[in-house]
Each structure stands twice: as structure tokens, then as C-alpha cells.
């Protein structure tokens, strides 16, 4: 039995196309719908989970169905397990060490960047916030040692920058504890 540890996402500039694309993706392969919703600024996103072959087929079919409405897509074959708690706001972080934040113009590139951050260094994802009340942008935050956070932020920012969608990246060595209450 194939592992269902891969994810795929399509971000669209049309809400109507989002429904059509979601239907095409679900009809094409045996995938689990994780999230399908409108996001700021009038965009739509579909996030699916399954084995890598099914994800590839579904994202390809969805991209064809959405043609000109597709803003961004990704397939992550072996997603880091901390991505889902960070997206859903259930990540458990009691205190911040160093804090790193990456910010993107797209949801898809941000999730790819967050996965790269989690895989590149010994850090904990604090939050992955996707486009709601953000004008369509997204950001992710991590905590850990200063060196680990710097490495993670550089890795995540590089993934986003390759797509030309990086807004900003910061590393705060000794953040005030009040910052944690502003997150999640």
C-alpha cells in the first residue's frame, strides 16, 4: 500500500474555476480533500493529500481544468509532518527561542517554503497562515536556536524566491515573549 504522505495544491484567481478544478482533481485520482476554500483577495485554493502518483495526476488534471485561472501549484512528495498542525493552528509551542518568519505573495509557494524550513534545520513550525485577512499573502514562522532558524529561513525563502514571490524574511534572535501570544 502506497504511503499517503504527499500533498498537492492549486491556487486560482477565480472562485468559480476553483469549484471546477476541485471536482476535476477529485474525479481523477484517489486523493483526500484537505482544504478547498476561498481566500483573500478573491482567490480559491485546493489542498489534497495522498500517494505521490495520485497527487501528480490530480494536480495535472486540475491545472488543465483551471488553465488561465491557475496562479500557482505544487506537489510535495514527502511533506514534513509538522505542516498540518501549523496550518490548522494546533502546533504546540510553549515559548519562543529565536523566531524566523517568511512571507510570500502566494499560498502555494509559502507552503513549499514552510516545508523546506521544517526539513532543513532543527526548528519547530509555529504557524502557517494562509491568505485570510492577509490580502492574499501568506506567512510561516519557526522557532529554534538562532543558527537553526537562520538556516531554515534561508532555505524557505530560497524556495519562494525561485518563483519570484518572496515578500520578506526575518530572524529575531531573542523575541519578546508577547510575540507568541500574537501568533496562532
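The values are calculated or read from the model by the stated rules, or taken from the named source; none is laboratory data. Quick caveat, the model's predicted, so the values are computed rather than measured. Glycine also receives a Cβ, built like all others from the backbone with ideal geometry; neighbour counts cover every protein chain displayed.
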Worksheet, complete the sentence: Those residues of the range 76-103 that are surrounded by fewer than 19 Cβ atoms within 10 Å (Cβ to Cβ) and at pLDDT 95 or above come to a total of 0
Worksheet item: Failed condition for residue 30, given (1) under 14 Å from residue 11 (Cα atoms); (2) modelled with pLDDT of 95 or more; (3) outside any helix (DSSP H, G or I), with all others met?
Response: (1)
Response to the item:
Among strands (runs of 3 or more DSSP E) completely within the range 83-182, the ones holding 3 or more residues that are more than 23 Å from residue 48 (Cα to Cα) are 98-104, 138-144, 166-172
Item to complete: Scan the range 49-82 for residues that are in a helix (DSSP H, G or I) and touching a helix residue (DSSP H, G or I) at 6+ places or on another chain (Cβ under 6 Å) and jot them down.
Response: 57, 58, 61, 62, 65, 66, 69
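Does residue 152 qualify as being surrounded by fewer than 24 Cβ atoms within 10 Å (Cβ to Cβ) and either more than 19 Å from residue 47 (Cα to Cα) or modelled with pLDDT under 95 (or both)? Let's see the steps before the verdict.
Numbers: surrounded by fewer than 24 Cβ atoms within 10 Å (Cβ to Cβ): no; either more than 19 Å from residue 47 (Cα to Cα) or modelled with pLDDT under 95 (or both): yes.
The answer is no for residue 152.
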